[in-house]
1. Residue 248 passes all but one of (1) under 16 Å from residue 127 (Cα atoms); (2) buried (at least 21 other Cβ atoms within 10 Å of the Cβ); which number fails?
2. For residues that are in contact (Cβ under 8 Å) with a residue 40 or more places away in the chain, open to solvent by less than 80 Å² (accessible area, probe 1.4 Å) and not in a loop (DSSP other than H, G, I, E, B), tally how many sit in region 153-166.
3. Does any residue in region 98-118 that is free of Cβ contacts under 8 Å to residues at least 40 places away in the same chain and at negative phi come within less than 7 Å, Cβ to Cβ, of a residue that is outside any loop (DSSP other than H, G, I, E, B) and surrounded by 10 or more Cβ atoms within 10 Å (Cβ to Cβ) six or more places away or on a different chain, and which pairs are these?
4. Taking region 209-234 as the region of interest, how many residues are outside any loop (DSSP other than H, G, I, E, B), closer than 15 Å to residue 250 by Cα and touching a residue at least 60 places away in the same chain (Cβ under 8 Å)?
5. Filter region 102-119 down to the residues that are in contact with a Gly (Cβ under 8 Å, 6 or more places away or on another chain), over 21 Å from residue 247 (Cα atoms) and of a type in the set (Gly, Ala, Ser) and list them by number.
6. Taking only pairs six or more apart or across chains, which ones have beta-carbon atoms under 6 Å, a first residue in region 183-201 that is assigned to a helix (DSSP H, G or I), and a second residue that is buried (at least 17 other Cβ atoms within 10 Å of the Cβ)?
7. Would you point out the residue of region 280-296, among those that are over 19 Å from residue 135 (Cβ atoms) and under 18 Å from the mean Cα position of the chain (by Cα), that is surrounded by the fewest Cβ atoms within 10 Å (Cβ to Cβ)?
8. How many residues are closer than 23 Å to residue 232 by Cβ and either touching a Ser or Thr at 6+ places or on another chain (Cβ under 7 Å) or exposed (fewer than 11 other Cβ atoms within 10 Å of the Cβ) (or both) when one looks only at region 167-181?
Amino acid sequence: TLQHYFIQSNLRMAELPEFKSVNSLIAKYCTKEKWEKYRDHKTATCGFTLAKAIVCAVELDNQSNGVYAGDWDSYKDFAEIFDPLIQEYHGISADAKHTSDMDVSKLAGNVNPAAPVHSTRIRVGRSIDGFGLSPGITQEQRLKVESLFKSACKKFPGKLAGSYYPLLGMEESVRQQLVDDHFLFMSGDANLRISGMEREWPEGRGIFHNDDKTFLVWVNEEDQFRIISMEKGGDVKGVFTRLVEGIKAVGDSVKEESGKDFMLDEKYGYVHSCPSNLGTGMRASVHIDLPGWTEH
């Protein structure tokens, strides 16, 4: 069972576990030599171990990376394993440095108004320095992150202002409305469950959205924060503009509350639990209508 595995991973595991995801990057880079070097190490922030980091590739057969970080320490302490994996996945050199430009004025063009775009969504992940990432975060740390956000979000300015809805103790009417709005994140994802991200579920998790329902923050899902801007139609520039404003509002408010910044690594950019999200942590998407697709 998962609980049994996490108990085992806290003990000294003499042998490198067998990977079910034999073609994953972690199976390539977590060699017997590296395993023996790092198997007993625990990170300072969360006591995270290499056994916990690789558990998804051990338990599941469908992983591409197959590894998660439990805290910023994981990327540093297990760098001999993470660095080559990250470099191969992202196609970057060993001496690459993160660069990012969130200047809205440089965004040229937009979606053709005639295109059948129903909605546009852009999100990023962010995490507060000094706390664990979701696979490794302690219960106390997770509650502290939520508490910081609950105070911080009350200071969001103008059209970013809204309400926070904790998952724990959520009223059915609120839950149903969040489902209807397609805002609610759920438990049950295999990666999140096996990697330890759903420990003490649903405590410490929640959803914020502004009054216009165009700006959202998921708290303590795969990352401490998933900051989301969305609206009907194809105004990518408008959605991106709101996202940039929202990231700043979350960062400034959290800094004011805690004195802490987002985790920002000079080499890999904004720190996320999954190496695939390192960098800007950004994903943009549109929902479109494909004529004839639903006829049959």
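The values are calculated or read from the model by the stated rules, or taken from the named source; none is laboratory data. For clarity, every value in this text was computed on a predicted model and none was experimentally measured. Neighbour counts run over all protein chains shown; Cβ positions are idealised from the backbone, glycine included. Each accessible area value is taken on the protein alone, full model and side chains, heavy atoms only, with ligands, DNA and RNA left out. Shrake-Rupley method; radii C 1.70, N 1.55, O 1.52, S 1.80 Å.
1. With (1) under 16 Å from residue 127 (Cα atoms); (2) buried (at least 21 other Cβ atoms within 10 Å of the Cβ) applied to residue 248, the lone miss is (2).
2. Final tally of qualifying residues: 7.
3. Every condition considered, no pair remains.
4. Final tally of qualifying residues: 7.
5. Matches in region 102-119: 115 only.
6. Hits for this filter: 191/56; 192/198; 194/55; 194/56; 194/59.
7. 285
8. 1
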